[in-house]
C-alpha cells in the first residue's frame, strides 16, 4: 500500500496538528507500510521501540527515523475537501455555497456527465471515486439524455444496458404523436 492511500488532498492538518505515523518494514518483501494514528500507538504495538526515545528524535529532527529494519515517518493528516472544485455554471439553480455534495451525489454526477467537460469528469471521479460514480450510473440515476448515456458509456466503458436510465427509458412507452 502507498501512503497516499491514507492521506487525502486539499486542506492539511498542519492547521490542527493531527498526524499519523507511517511505518515501513524494510525486511518484508512486499515493502509493507503500516499506518498508526499516533507514535504512542505504534510503540504500544511494538514494545521493542521506546516511545520517549522516538518522540525525542522527532522533536529534534524533522526527518524520518531509520534503522536496518524499519523506517518511521510522521506525516500530517490531510482531509478531503468538503466539496469538489466544479464550476458553478453546472449547478445554476442550486445555492452553490450550501449545496450538500455528499447527499446530492446523484444530481452532481448527472450534471457533470450531461454538461461537464472531460476535466470536470475527472474532478468528480477524484471527489466521489470511480466505483461510486459507476454504481450510481448503474443503480441510482433514473434519467440521462441520449448524449449523456453516450458520454457515460464511452467514458466509463459501460454498455448502455447496464445503466438504470437506459433500461428505464426502454421500458417506458413513448408518446404516439
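The values are calculated or read from the model by the stated rules, or taken from the named source; none is laboratory data. What you see is a predicted model, and the numbers here were worked out from it, not measured in a lab. Cβ coordinates were reconstructed from backbone atoms using ideal geometry, including for glycine residues, and neighbour counts include every protein chain displayed.
Given the condition under 30 Å from residue 38 (Cα atoms), touching a helix residue (DSSP H, G or I) at 6+ places or on another chain (Cβ under 6 Å) and in contact (Cβ under 8 Å) with a residue 40 or more places away in the chain, answer yes or no: does some residue in the range 82-93 qualify?
So the first thing to find is which residues in the range 82-93 are under 30 Å from residue 38 (Cα atoms), and the list is 82-84.
Cutting the leftovers down to touching a helix residue (DSSP H, G or I) at 6+ places or on another chain (Cβ under 6 Å) gives us 84.
Add one more test, that the residue is in contact (Cβ under 8 Å) with a residue 40 or more places away in the chain, and what stays is 84.
Checked against the condition, which is being under 30 Å from residue 38 (Cα atoms), touching a helix residue (DSSP H, G or I) at 6+ places or on another chain (Cβ under 6 Å) and in contact (Cβ under 8 Å) with a residue 40 or more places away in the chain, the range 82-93 yields at least one hit.
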Report yes if some residue within the range 58-73 is in contact with a strand residue (DSSP E or B) (Cβ under 7 Å, 6 or more places away or on another chain), touching a residue at least 12 places away in the same chain (Cβ under 8 Å), surrounded by fewer than 16 Cβ atoms within 10 Å (Cβ to Cβ) and outside any loop (DSSP other than H, G, I, E, B); otherwise report no. yes
Over the range 94-125, the set of residues closer than 13 Å to residue 152 by Cα and not in a helix (DSSP H, G or I) is 116, 117
Please specify each residue of the range 1-57 satisfying the condition of being at pLDDT below 85, over 28 Å from residue 83 (Cα atoms) and surrounded by 15 or more Cβ atoms within 10 Å (Cβ to Cβ). 33
Which one is nearest to residue 92 (Cα to Cα), of the residues in the range 126-165 that are free of Cβ contacts under 8 Å to residues at least 12 places away in the same chain and part of a loop (DSSP other than H, G, I, E, B)? 129
